[in-house]
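K.L.:
Structure incoming, see below.
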Amino acid sequence: MPLDFRNTNTLCTSVFVQTLAQIGLKLAVLCPGYRCTPLTVAFAAHPDIEAIAILDERSAAFFALGQAKQTGAPVVLVCTSGTAGANFYPAIIEAHHAQVPLLVLTGDRPPELHHCHAGQTIDQLKLYGHYPNWQAELALPEATLSAASYWRQMALQAWRRCHLPHRGVVHLNCPFRKPLEPIAPPPLTQAKLADLQAQIDPQTFFAPCQPLQVPRAAPLTLPTLPTTRGLIIAGLAQPDDPAAYGQAVAQLAEQTQYPVLAAGLSPLRNWTALNPALVTQYERILRDRTLPNQLTPQLVIQLGELPTSKVLQQWLAAHQVPRWIIAPQPENFDPLHGPSQLFMGAIEQGVQFETDPIHPQEPGDKSYLIQWQTLERRLSQDLARELTAMGDRFEGKVAWLLSRHLPPETPVMVANSMPVRDVAYFWQGGDRYLRLYFNRGANGIDGTLSTALGLAHHNQPTVLLTGDLALLHDTNGLLSCGKLHGHLTIIVINNQGGGIFEMLPIAQFEPPFTEFVALPQAVTLQPLCAAYGVEYCRIETWEQLIELLSSLPQAGVRLLEVGCDRRADQARRRRLLG
């Protein structure tokens with residue numbers, strides 16, 4: 001892309017965009033507005049960067065989040081000045097907690113238009129608090145070589161800080177003076193730009209713009225195992241390479257001879273052949289009256305965050321089991337405030353144990369592992385029998401069928417609240433290599449649909465499992481359906497409100513429970529789909545759902561509605577889980 005010398009704004013923004021293109025940027029999501037025009041023009045004109053226009057800033061930010069989750073690379077977000085940038089905030093919080101790289105560019109007015117009631121002007125400095133890895137305000141564009149070099153270096157620094165010390169958000173506030181359009185400046189500035197164009201050789205100027213190399217970390221070293229009676233708890237994880245993650249956990253299980261309790265949102269449930277020590281039925285095991293006391297471990301190796309299971313967390317807290325926590329950043333991953341110790345790193349780095357030359361580590365006793373494996377086999381078979389025989393609609397069976405019938409390697413976005421718990425309870429282990437994605441950084445329902453659309457963009461056919469409230473909270477995401485290159489199947493569990501709240505004591509208080517907590521919505525989904533050109537199908541039988549899951553379309557968006565009764569389904573969960 002040649003640099004744009006039409007005015008100072010086009011020069012500096014074209015330098016900035018070309019720098020990002022050379023170091024790896026592939027997608028920019030642009031929201032409408034006037035003050036960000038120089039950025040919009042530069043991104044839209046670049047032949048190597050895909051530019052997508054999305055009307056609603058909140059949806060745009062979650063779309064970018066989904067795409068960054070899929071690729072592991074930063075996605076650019078651009079908006080105008082004023083409250084537009086505030087609508088990015090929920091996705092920025094999620095990206096921070098989930099360590100997803102986003103580069104946020106907010107257009108702004110120049111300093112002389114601040115603090116004087118100029119329209120659409122707010123204080124945008126540190127707009128996102130402490131959530132970005134790095135934030136700065138760019139200098140106003142100028143027609144000088146030093147200004148062009150500065151914009152190049154700020155682009156390089158922003159890209160680096162999206163990756164280091166860990167992946168996350170960078171926010172650059174970008175003030176511009178008029179003219180914002182690519183029109184000619186006054187004659188004196190035109191002369192400066194002409195002189196500058198003669199000085200800059202693009203090949204030499206962009207020579208420093210090389211792809212970022214992130215150093216590979218050394219293997220983790222853990223103390224010598226103090227016991228053969230231990231557990232590995234693999235919490236939620238979205239690794240770039242699920243196979244490498246699974247192999248690393250399998251190696252740790254082999255070294256320790258510990259059973260591996262895999263969360264529903266762990267990739268391990270979809271790569272079971274790698275790990276014969278895998279346990280998926282821990283929720284049912286720990287709800288038994290006698291088994292939890294018999295199975296109490298003497299050590300837990302916790303990988304990342306704990307699973308969502310309250311039963312598991314209460315069991316660990318009650319017995320004050322020591323935990324070695326392996327996590328990639330120095331944060332507190334112990335919401336139980338128990339006897340835990342952090343070992344910072346990623347499990348994919350590999351694990352080695354210290355050895356005592358006087359008392360070498362004994363080979364593992366497998367009796368504890370075999371006890372868990374025996375229970376796992378029996379309970380998995382019992383659950384499969386019950387769900388197979390179940391003819392009427394139950395939302396937990398939808399998660400079970402997805403795990404059994406989706407095409408191999410299908411990406412699946414799991415919404416928060418009840419769907420994420422049904423995956424934990426009922427997602428069957430297997431070797432279909434399904435890729436599960438989720439927004440569990442802050443656990444909100446906002447942006448669910450938009451995130452799924454971002455995941456599906458330039459990806460193989462993708463599935464979203466969601467409840468009705470999470471879907472309706474983000475119906476503006478449907479505005480992006482026409483931008484999608486790929487396919488998304490939305491499976492919406494319509495149980496007329498927030499099913500998760502049926503699990504809480506507040507469900508016994510009526511009123512105000514239904515109107516103010518469960519909050520059923522009077523929306524008919526079929527005409528909503530028609531308004532956005534989305535294919536609609538109401539699921540009447542399990543056979544119909546299985547047929548639609550087994551072969552996914554290659555393009556477009558379709559919605560499959562599964563009507564359920566949230567109160568009856570909660571009673572059935574209690575019975576199935578024990």
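The values are calculated or read from the model by the stated rules, or taken from the named source; none is laboratory data. The shown structure was predicted, so the numbers you read here are calculated from the model rather than taken from an experiment. Don't worry about glycine lacking a Cβ; one is built from the backbone with ideal geometry, like all the others, and counts go over all protein chains shown. Heads up: the accessible areas ignore ligands, DNA and RNA and are worked out on the full protein's heavy atoms, side chains in. Shrake-Rupley method; radii C 1.70, N 1.55, O 1.52, S 1.80 Å.
K.L.:
Is it true that some residue in segment 131-145 is assigned to a helix (DSSP H, G or I) and surrounded by fewer than 23 Cβ atoms within 10 Å (Cβ to Cβ)? Before the answer, list the steps.
P.N.:
So in segment 131-145, the residues assigned to a helix (DSSP H, G or I) come out as 145.
If we keep only those that are surrounded by fewer than 23 Cβ atoms within 10 Å (Cβ to Cβ) as well, we get 145.
Checked against the condition, which is being assigned to a helix (DSSP H, G or I) and surrounded by fewer than 23 Cβ atoms within 10 Å (Cβ to Cβ), segment 131-145 yields at least one hit.
K.L.:
Residue pairs, Cβ under 9 Å, 6 or more apart or interchain, first in segment 8-31 and at positive phi, second of a type outside the set (Gly, Ala, Ser) and at pLDDT below 95. List them.
P.N.:
Short answer, once both residue conditions are applied: Gly24/Pro211; Gly24/Leu212.
K.L.:
Output the number of residues of segment 24-69 satisfying the condition of being closer than 27 Å to Pro239 by Cβ and of a type in the set (Lys, Arg).
P.N.:
Within segment 24-69, residues that are closer than 27 Å to Pro239 by Cβ and of a type in the set (Lys, Arg) number 2.
K.L.:
Could you tell me whether Asp240 is modelled with pLDDT under 95, closer than 26 Å to Asn332 by Cβ, assigned to a loop (DSSP other than H, G, I, E, B) and not hydroxyl-bearing (Ser, Thr, Tyr)?
P.N.:
Yes.
K.L.:
Could you list all residues from segment 448-467 that are open to solvent by less than 10 Å² (accessible area, probe 1.4 Å) and not hydrophobic (A, V, I, L, M, F, W, C)? If you could, list the steps in order and put the result at the bottom.
P.N.:
First, pick out the residues of segment 448-467 that are open to solvent by less than 10 Å² (accessible area, probe 1.4 Å): 448-457, 462-466.
If the condition is that a residue be open to solvent by less than 10 Å² (accessible area, probe 1.4 Å) and not hydrophobic (A, V, I, L, M, F, W, C), then Thr448, Ser450, Thr451, Gly454, His457, Thr462, Thr466 are the ones that fit.
K.L.:
If we scan segment 507-526, do we find a residue that is exposed (fewer than 15 other Cβ atoms within 10 Å of the Cβ) and closer than 21 Å to Val412 by Cβ?
P.N.:
No, segment 507-526 has no match at all.
K.L.:
Can you tell me which residue among Arg404, Arg432, Arg393, Arg378 is of a type in the set (Lys, Arg), farther than 26 Å from Leu274 by Cα and either surrounded by fewer than 21 Cβ atoms within 10 Å (Cβ to Cβ) or within 18 Å of the chain's Cα centre (by Cα) (or both)?
P.N.:
Of the residues listed, the single one that is of a type in the set (Lys, Arg), farther than 26 Å from Leu274 by Cα and either surrounded by fewer than 21 Cβ atoms within 10 Å (Cβ to Cβ) or within 18 Å of the chain's Cα centre (by Cα) (or both) is Arg393.
K.L.:
In segment 247-298, which residue that is closer than 21 Å to Arg378 by Cβ and among the acidic types (Asp, Glu) is surrounded by the fewest Cβ atoms within 10 Å (Cβ to Cβ)?
P.N.:
So, considering only residues that are closer than 21 Å to Arg378 by Cβ and among the acidic types (Asp, Glu), the one surrounded by the fewest Cβ atoms within 10 Å (Cβ to Cβ) is Asp288.
K.L.:
Just to be sure, is Gln120 part of a helix (DSSP H, G or I), open to solvent by 60 Å² or more (accessible area, probe 1.4 Å) and within 27 Å of Ala61 (Cβ to Cβ)? Don't jump to the end; show me each part of the working.
P.N.:
Numbers: part of a helix (DSSP H, G or I): no; open to solvent by 60 Å² or more (accessible area, probe 1.4 Å): yes; within 27 Å of Ala61 (Cβ to Cβ): yes.
It is false that Gln120 is part of a helix (DSSP H, G or I), open to solvent by 60 Å² or more (accessible area, probe 1.4 Å) and within 27 Å of Ala61 (Cβ to Cβ).
K.L.:
Right, next: When you scan segment 198-220, how many residues do you find that are open to solvent by 60 Å² or more (accessible area, probe 1.4 Å) and assigned to a strand (DSSP E or B)?
P.N.:
The qualifying residues number 0.
K.L.:
Give the residues of segment 97-135 that are over 22 Å from the mean Cα position of the chain (by Cα), closer than 21 Å to Leu65 by Cα and free of Cβ contacts under 8 Å to residues at least 24 places away in the same chain, sorted by residue number.
P.N.:
Selection gives Lys126 alone.
K.L.:
So which residues in segment 299-337 are open to solvent by 20 Å² or more (accessible area, probe 1.4 Å) and in a loop (DSSP other than H, G, I, E, B)?
P.N.:
Residues satisfying the conditions are Glu305, Thr308, Gln320, Pro322, Pro328, Pro330, Glu331, Asn332, Phe333, Pro335, Leu336, His337.
K.L.:
Now a separate question. For Glu137, state whether it is over 18 Å from Phe206 (Cβ atoms), in contact with a Ser or Thr (Cβ under 7 Å, 6 or more places away or on another chain) and at pLDDT 95 or above.
P.N.:
No.
K.L.:
Closer than 21 Å to Glu395 by Cα, open to solvent by 20 Å² or more (accessible area, probe 1.4 Å) and modelled with pLDDT of 95 or more - does that describe any residue in segment 473-488?
P.N.:
Within segment 473-488, one or more residues are closer than 21 Å to Glu395 by Cα, open to solvent by 20 Å² or more (accessible area, probe 1.4 Å) and modelled with pLDDT of 95 or more.
K.L.:
Follow-up. Got a number for residues in segment 228-237 being open to solvent by less than 60 Å² (accessible area, probe 1.4 Å), in contact with a Pro (Cβ under 8 Å, 6 or more places away or on another chain) and either in a loop (DSSP other than H, G, I, E, B) or basic (Lys, Arg) (or both)?
P.N.:
3
K.L.:
Tell me yes or no: at least one residue of segment 412-421 is in contact (Cβ under 8 Å) with a residue 60 or more places away in the chain, farther than 26 Å from Phe333 by Cβ and in contact with a strand residue (DSSP E or B) (Cβ under 8 Å, 6 or more places away or on another chain).
P.N.:
no
K.L.:
Here is a list: Leu406, Leu479, Leu402. Which entry is in contact with a helix residue (DSSP H, G or I) (Cβ under 6 Å, 6 or more places away or on another chain) and in contact (Cβ under 8 Å) with a residue 24 or more places away in the chain? Talk me through it step by step, then tell me what you get.
P.N.:
On the way: Leu479 fails: in contact with a helix residue (DSSP H, G or I) (Cβ under 6 Å, 6 or more places away or on another chain); Leu402 fails: in contact with a helix residue (DSSP H, G or I) (Cβ under 6 Å, 6 or more places away or on another chain).
So the residue among Leu406, Leu479, Leu402 that is in contact with a helix residue (DSSP H, G or I) (Cβ under 6 Å, 6 or more places away or on another chain) and in contact (Cβ under 8 Å) with a residue 24 or more places away in the chain is Leu406.
K.L.:
Which condition breaks for Ile370 when tested against (1) among the β-branched types (Val, Ile, Thr); (2) surrounded by 12 or more Cβ atoms within 10 Å (Cβ to Cβ); (3) over 15 Å from Ile232 (Cα atoms); (4) over 27 Å from the mean Cα position of the chain (by Cα)?
P.N.:
(3)
K.L.:
Scanning for something touching a helix residue (DSSP H, G or I) at 6+ places or on another chain (Cβ under 9 Å), open to solvent by 10 Å² or more (accessible area, probe 1.4 Å) and not in a helix (DSSP H, G or I), does segment 8-22 turn up at least one residue?
P.N.:
no
K.L.:
Assess whether Arg323 counts as being among the basic types (Lys, Arg) and in contact (Cβ under 8 Å) with a residue 12 or more places away in the chain.
P.N.:
yes
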